[in-house]
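The values are calculated or read from the model by the stated rules, or taken from the named source; none is laboratory data. It should be emphasised that the depicted structure is a prediction, and the values quoted were computed from it without experimental measurement. Ideal geometry is used to build each Cβ from the backbone, glycine not excepted, and the neighbour counts take in all protein chains shown. Surface accessibility is based on the protein's heavy atoms, side chains included, excluding ligands, DNA and RNA. Shrake-Rupley method; radii C 1.70, N 1.55, O 1.52, S 1.80 Å.
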Amino acid sequence: MTASLSPDNLRELFFAQSIDGFFVMMLDEPIEWNDSSDKDALLEQVFQRQRMTIANEAYARQYRVSLAELIGKTPADFFAHDIARAKAGWRAMFDAGHGHTETDERPMAGAPVPIQVYYISVC
């Protein structure tokens, strides 16, 4: 007999078994990203208030930190070394609903690491 798995259990299995780094960031309240929005103000809000809520061990290894050190971090924390470039990437992701970048990321420990990232904005 096969036990059924809840969506949360499936997500946990996916995250735990993946050799790729995965994470989820969330805002405490939704934003309205459209042509009439003040996108600069919204980006500032996102960079200060969006928080990492879930990450897997592969992502923590990439950043050379523990999972506990990742949870609660904001985009401003992750991209302090180049906030303007990060905001441009977030803006493009929000405009398109998804994004892809290849860049040298700076883990919390400092040394650049080449990564390829796919972002999906879920509203």
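Structural remarks
- Shape box of the chain [Cα atoms, principal axes, largest first, Å]: 54, 35, 23
- Loop-located GluC sites (Glu not before Pro) across region 6-108 with a Cβ neighbour count of 13 or fewer within 10 Å are GLU32, with loop assigned by DSSP.
- Helix axis angle, 83-96 relative to the chain longest principal axis, alpha carbon, degrees: 80
- Sparse-neighbour loop sites [trypsin sites (Lys or Arg not before Pro); region 11-118; at most 11 other C-beta within 10 Å; DSSP]: none
- With every protein chain in place, the chain: carbon and sulfur % of accessible area (1.4 Å): 54
- Computed 3J(HN,Hα) for region 59-70, one whole-Hz value per residue from the Karplus formula 6.51 cos²θ - 1.76 cosθ + 1.60 where θ = phi - 60°, is 5, 4, 5, 4, 8, 6, 9, 7, 4, 4, 6, 7, glycine and proline marked x.
- A full extension of the chain between GLU12 and GLU102 corresponds to an added length of 29.8 nm, given 0.36 nm per residue minus the alpha carbon distance.
- Charge dipole (debye, nearest 20) of the chain; +1 at Cβ of Lys and Arg, -1 at Cβ of Asp and Glu: 300
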